[in-house]
């Protein structure tokens, strides 16, 4: 009997279609596009069918996905709210078949990337690990690799797809939009994109865990963080091992 796949979804917002500015992803804004996000999320969940889903709401305060969606998808466990340990990767362990990064965006400083940042647009100017320029997907992928869980799918703008594919080439990718500037992007039709996302989910669950590569960093690991101002650098430099 074929076992159900167990899938870890880390959900972000800025990398989705229909999103171009910070007000689109701010829950306090009248422009907040929760329904746009949910349309794309539902397409993914339909594609994943009856897989066991562990969805971690990882954008801002982690309160973007309404609990009521579990009525539509009873095979899903939802993690909401912040602050929590390992925020975007809370709950990852060896039991998962693969990781899905949903709504992810390009790393800070990426040319023509829509809403580029790496964790904090106000604090972090850049991050390198072992000399490789990072985005959130790569850092989170390496964290998942500590538990021997591969990245199976990345859904986000064309810039995060290009960045991540260089290092994780055999995952399933969906480009949600073509970023042309920090607050501008080219969108395909919603119908076309929703079909692509749903089909990506269907493709993913047909593959076995061992068909994906585990992304890790070789030891010793050196992380270099360039902060937006010296105060943040001063604070971090007081920590052990820094």
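Read the figures in this text as sums done on the coordinates, not as results from a lab. No experiment lies behind these values; they were computed from the predicted model shown. Backbone-built Cβ (ideal geometry, glycine too); neighbour counts: all protein chains shown.
Treat each spin label as a single point 7 Å out from the Cα along the C-beta direction, and report the residue 125 to residue 69 distance in nm.
3.6
If each Cα of the chain is one equal point scatterer, what is log10 of I(q)/I(0) from the Debye formula at q = 0.12 Å⁻¹?
Per q value, in the given order, log10 I(q)/I(0) is -0.65.
Where the centre of each part is set by its Cα atoms, how far does segment 146-174 sit from segment 1-69, in angstrom?
Between the Cα centres of segment 146-174 and segment 1-69 lies a distance of 17 Å.
Rank 69, 139, 168 by mean-square fluctuation in a GNM of the chain with C-alpha springs under 10 angstrom and give only the top-ranked residue.
Ranking 69, 139, 168 by mean-square fluctuation puts 69 first.
Between residue 183 and residue 87, what is the label-to-label distance in nm when each label sits 7 Å out along the Cα-to-Cβ direction?
2.3
Residues in segment 19-39 near a label at residue 235, defined as backbone nitrogen under 17 Å from the 7 Å Cα→Cβ point?
none
For segment 51-133, what are the per-bin percents of Cα-Cα distances with bins 5 Å wide, up to the bin holding the maximum?
Distribution as computed: 3, 12, 18, 21, 19, 13, 9, 4, 1 percent.
Please build a GNM for the chain, connecting alpha carbons under 10 Å apart, and tell me which residue among 116, 157, 50 fluctuates the most.
Highest fluctuation of the listed residues: 50.
Roughly what % of DSSP beta bridges within segment 6-237 run antiparallel, to the nearest 5? It would help to have the intermediate numbers written out before the result.
Details: 11 of 35 bridges.
The answer is about 30 percent antiparallel.
Multiplying the sequence separation of residue 208 and residue 223 by 0.36 nm and subtracting their Cα-Cα distance, what value in nm do you get?
2.2 nm
GNM, the chain, Cα, under 10 Å: largest mean-square fluctuation among 11, 48, 38?
Largest GNM mean-square fluctuation: 38.
How far, in nm, would the chain grow between residue 166 and residue 147 when pulled straight, counting 0.36 nm per residue and subtracting the alpha carbon separation?
4.7 nm
Which percent, nearest 5, of DSSP beta bridges in segment 1-142 are antiparallel?
Here the antiparallel bridges make up roughly 10 percent for segment 1-142.
Plugging the Kirkwood radius over Cα pairs into Stokes-Einstein for segment 112-155, at a temperature of 4 °C and a viscosity of 1.567 mPa s, what D comes out in µm²/s?
Here the translational diffusion coefficient equals 109 µm²/s.
Could you tell me which of rounded, prolate or oblate describes segment 135-242, using a ≥ b ≥ c as the square roots of the eigenvalues of the alpha-carbon gyration tensor, with rounded for a/c under 1.5 and, failing that, prolate when a/b is larger than b/c and oblate otherwise? Walk me through the numbers before you get to the answer.
Working: a/c = 3.37, a/b = 1.41, b/c = 2.39.
Oblate, since a/c reaches 1.5 and b/c is not below a/b.
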